[in-house]
């Protein structure tokens, strides 16, 4: 009986190690951007006000609803909803005068393909 419990314990603990996979994934199409824990993040070579304007324009171009902007000169958030009600959040933060950190999250768990599409629309508007 003790051997069976020991074997089950070892198998159970080894299962935890097998289940741990990295959520870090580089986005092939956009160098410098990574998709980690459901959030696409990276740095754009533009000042924060320009990135904010481009983000709002991209969201409107994609026909997102309830676009809401809360921002100052150092950081901000642009929130919106897709047609199916999925929340989209783009956080922006100034790295310096000419670059801005961008973090895009779609839904609760994140959606890489939609995040990349939003990023491409933002880049197009810049």
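The values are calculated or read from the model by the stated rules, or taken from the named source; none is laboratory data. Just so we're clear, the structure is a prediction, and the values are computed from it rather than from any experiment. Every residue, glycine among them, receives a Cβ derived from its backbone with ideal geometry; neighbour counts consider all protein chains shown.
For region 67-79, the set of residues classified as surrounded by 11 or more Cβ atoms within 10 Å (Cβ to Cβ) and either closer than 17 Å to residue 99 by Cβ or more than 18 Å from the chain's Cα centre (by Cα) (or both) consists of 71, 75, 76, listed by residue number. Tell me whether region 27-35 contains one or more residues that are part of a strand (DSSP E or B) and either modelled with pLDDT of 90 or more or in contact with a helix residue (DSSP H, G or I) (Cβ under 7 Å, 6 or more places away or on another chain) (or both). Checking region 27-35: at least one residue is part of a strand (DSSP E or B) and either modelled with pLDDT of 90 or more or in contact with a helix residue (DSSP H, G or I) (Cβ under 7 Å, 6 or more places away or on another chain) (or both). Selection within region 114-126: residues that are part of a helix (DSSP H, G or I) and touching a helix residue (DSSP H, G or I) at 6+ places or on another chain (Cβ under 6 Å). The member of this set that is farthest from residue 81 (Cα to Cα) is 125.
Going through (1) modelled with pLDDT of 95 or more; (2) farther than 19 Å from residue 42 by Cβ; (3) in contact with a helix residue (DSSP H, G or I) (Cβ under 8 Å, 6 or more places away or on another chain) one by one, residue 73 falls short only on (1). If you take the residues of region 87-112 that are within 14 Å of the chain's Cα centre (by Cα) and farther than 13 Å from residue 41 by Cα, which of them is surrounded by the most Cβ atoms within 10 Å (Cβ to Cβ)? Filtering first and then ranking leaves 88. Selection of region 48-68 for residues being in contact with a helix residue (DSSP H, G or I) (Cβ under 6 Å, 6 or more places away or on another chain) and more than 12 Å from residue 122 (Cβ to Cβ) yields only 67. Hey, does region 47-63 have a residue that's in contact with a strand residue (DSSP E or B) (Cβ under 7 Å, 6 or more places away or on another chain), at pLDDT 95 or above and assigned to a strand (DSSP E or B)? No, because not a single residue in region 47-63 is in contact with a strand residue (DSSP E or B) (Cβ under 7 Å, 6 or more places away or on another chain), at pLDDT 95 or above and assigned to a strand (DSSP E or B). On the stretch given as region 36-46, residues that are in a strand (DSSP E or B) and either modelled with pLDDT of 95 or more or under 22 Å from residue 71 (Cβ atoms) (or both) total 6.
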